[in-house]
1. Around ALA81, with a cut-off of 14 angstrom between Cβ atoms, what is the net charge of the other residues, counting Lys and Arg +1 and Asp and Glu -1?
2. Please work out the Cα center distance from region 36-53 to region 58-108, rounded to the nearest Å.
3. Please report LYS71, LYS84 as a ranked list, fewest other C-beta atoms within 10 angstrom at the top and most at the bottom.
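Derivation of every value follows stated rules applied to the coordinates shown; laboratory data play no part. On a predicted model such as this, the values are computed, not experimentally measured, just so you know. No Cβ is skipped: glycine too gets one built from the backbone with ideal geometry, and neighbour counts run over all protein chains shown.
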Amino acid sequence: MSDFLAGEAKVELENKLGGSTIGMNQLPPAFWCVSATEILQRLETATEGLSSEEARQRLARYGSNLLEPQKRTDVLTLLLAQFKSPLILLLLFATGLSFFLTILLTLSSSSPLSS
């Protein structure tokens, strides 16, 4: 439920920043193209900032402005994740094939039957 509200709050904020006449396929104007007073009006704030009561209301409505910490990965997981790449798999296959052919050629050239 909190993810839904966060998404709803995000859409509401984007609508405030972008204006109400923006269609589904149109982007809001870039923030550097909008004047500071217009942004303050759209965000319903002032240059002095929010009052304590307004800050509490927005905190309750939009949630805290924190990033979720990333999950730590151990060295083994990081190493095994490298083998997901098709390029790495191709290079490993080429290395194995080269190693196999080198051994095969070395054994065939040193066998007593080839002389």
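1. Within the 14 Å Cβ shell, the charges total +2.
2. So the two Cα centres are separated by 46 Å.
3. LYS71, LYS84
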